[in-house]
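Structure first, commentary second.
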Amino acid sequence: MKKLIFLGPPGAGKGTQAQRFQERYGLVQLSTGDMLRAAINAGSDLGNKVKDIMARGDLVPDDVVVGIIAERIAQPDIKAGYILDGFPRNVAQAEALDEMLCSRNDRLDAVIELRVDKGALLGRIETRAAATVGGAREDDNAEALSKRLEVYNAQTAPLVEYYGHRGVLKTVDGMQDIDQVTHQIETLLEL
Ligand code: AMP
């Protein structure tokens with residue numbers, strides 16, 4: 001059972017790559033962003049609580065996402081393993097994940113950092129917004145995006161060092177084309 005994190009700024013290709021590894025290897029993509037958007041679409045209490053926060057590009061409270069992930073990784077459909085896509089987003093979440101795994105007598109196999117040029121991200125997200133069936137994400141506009149990048153740099157980027165110190169970080173050049181990135185990750189994970 002492989003337990004992985006795909007780490008990188010918005011537009012780095014985490015979701016695209018995670019989907020491929022789900023299809024090819026049965027690793028379940030656990031995207032907190034997708035789960036929260038599903039809650040919003042369902043009109044649940046949780047969705048109503050996070051809707052405005054997400055629309056402006058801020059992080060939702062740690063206990064919300066930590067609770068979602070704790071529940072999800074315990075489900076029986078996860079057999080080959082999982083890929084955390086968009087979680088953890090800050091050091092407090094990373095520590096909560098460590099505790100969660102530790103209490104299950106478990107540990108991460110690898111954290112894959114998708115490294116991309118900051119200048120390329122806006123263009124990538126514009127492409128995603130244009131290609132999304134059923135309309136763009138509410139937070140794929142210029143204002144929310146610049147907030148998301150600011151939040152990434154301030155809160156999520158420190159996780160590169162956090163996991164680097166723990167010896168589980170593997171960095172991939174996310175500027176290559178999609179197939180090359182997939183191939184490089186497969187090689188690093190010995191898949
Ligand atoms: P994403 O789809 O990963 O880009 O996430 C979209 C939005 O969902 C983020 O801008 C946050 O508002 C929220 N979100 C997703 N994952 C997390 C997380 N781990 N912690 C806090 N907020 C999150």
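The values are calculated or read from the model by the stated rules, or taken from the named source; none is laboratory data. Everything numeric here is computed off the predicted structure, so don't read it as measured data. We place every Cβ from the backbone using ideal geometry, glycine too, and count neighbours over all the protein chains shown.
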TODO: Select, from G119, G67, G123, the only residue that is farther than 30 Å from I178 by Cβ and in a helix (DSSP H, G or I).
DONE: G67
Open item on the list: Condition (residue is near the ligand (Cβ under 10 Å from one of its atoms) and either in contact (Cβ under 8 Å) with a residue 24 or more places away in the chain or out of contact with any strand residue (DSSP E or B) (no Cβ under 9 Å at 6 or more places or on another chain) (or both)) applied to the range 99-111: is it met by at least one residue?
Closed with: no
Open item on the list: Exactly one of these conditions fails for D62: (1) surrounded by 19 or more Cβ atoms within 10 Å (Cβ to Cβ); (2) of a type outside the set (S, T, Y); (3) out of contact with any strand residue (DSSP E or B) (no Cβ under 9 Å at 6 or more places or on another chain). Give me its number.
Closed with: (1)
Task: Residue, nearest to L122 (Cα to Cα), within the range 1-11, restricted to residues that are buried (at least 19 other Cβ atoms within 10 Å of the Cβ) and modelled with pLDDT of 95 or more - done: P9
Open item on the list: Can you find a residue that is near the ligand (Cβ under 10 Å from one of its atoms), small (G, A, S) and buried (at least 17 other Cβ atoms within 10 Å of the Cβ) anywhere in the range 18-32?
Closed with: yes
- [ ] Within the range 123-144, work out how many residues are more than 14 Å from G8 (Cα to Cα) and either among the hydrophobic types (A, V, I, L, M, F, W, C) or in contact with a strand residue (DSSP E or B) (Cβ under 6 Å, 6 or more places away or on another chain) (or both).
- [x] 7
